[in-house]
Amino acid sequence: MIRIATPDDIPVLHALVRELAAYEKALDEVVASEEQLAEALFGDRPAAYAHVATADDGSGEVIGFALWFLNFSTWRGVHGIYLEDLYVRPERRGGGHGRALLTELARICVERGYERLEWSVLDWNAPSIAFYESLGARPQDEWTVYRLTDGALASLGGGTP
């Protein structure tokens, strides 16, 4: 049901990323190509990792994914996992695939001595919030995420906005 993604999964991973963005009402923000995804996951210096969930019917059809990378806690002194994306196709939800993907990431954390598994969720996504809380995850209400992109990032980094 859960396996490590392979280079052959890149087209379906890219499609799932686009499906997730559409679900989050942000499809117009997706500019990443299949080539960029392949480089990030399987290039000379991989910066991210992915697991896929496959259908239970034996077809091997990829129906969901978790894409993650390592972070580091200076307070705890160890790595953790930051889950960038978790997505299961809507018609396949309720079958335990999302839970299985998170369970695999939690297993990796425990096995490697990582002390955090973190992610962000849109505040309007009540079904996902309820699911995460059912697993014991708790929101970090005292923290606000900030982001620099596009012109602001270029300007601060000395480039042309």
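The values are calculated or read from the model by the stated rules, or taken from the named source; none is laboratory data. Just so it is clear, the structure is predicted and the values come from calculations on it, not from any experiment. For accessibility, only protein heavy atoms count, side chains too; no ligands or nucleic acids. Shrake-Rupley method; radii C 1.70, N 1.55, O 1.52, S 1.80 Å.
Measure out, as a whole number of angstrom, how far apart the alpha-carbon centroids of segment 62-84 and segment 131-161 sit. When both Cα centres are located, 15 Å separates them.
Any idea what % of Cα-Cα pairs in segment 1-51 are farther than 19 Å? Value for segment 1-51 (Cα pairs over 19 Å): 28 percent. I'd like the Kirkwood hydrodynamic radius of the chain, using the inverse of the mean 1/r over distinct C-alpha pairs, in Å. That comes to 17.2 Å for the chain.
Over the chain, DSSP H runs of length four or greater, each weighted -39,500 (n - 2.57), average out per residue to a 222 nm ellipticity of -10500 deg cm²/dmol. Over 16 Å apart: what share of the alpha carbon pairs of segment 82-159 falls there, rounded to a whole percent? Of all Cα-Cα distances in segment 82-159, 62 percent exceed 16 Å.
On full extension of the chain, what length is gained from E29 through I129, given 0.36 nm per residue of separation minus the C-alpha to C-alpha distance? Before the final figure, lay out the partial values.
On the way: separation 100, 0.36 × 100 = 36.00 nm, distance 2.29 nm.
Full-extension gain reported as 33.7 nm.
Averaged per residue, the chain has 64 square angstrom of accessible surface, using a 1.4 angstrom probe with ligands and nucleic acids left out.
Taking only C-alpha pairs under 8 Å that are 6+ residues apart, what is the relative contact order of segment 1-110 in percent?
Numbers: 148 pairs, mean separation 27.1, N = 110.
Once divided by the residue count of segment 1-110, the mean separation gives 25 percent.
Among E115, E142, E39, the largest mean-square fluctuation in a Gaussian network model of the chain (Cα springs under 10 Å) belongs to E142.
Of the solvent-accessible surface of the chain, computed with a 1.4 Å probe and all protein chains present, 53% belongs to carbon and sulfur.
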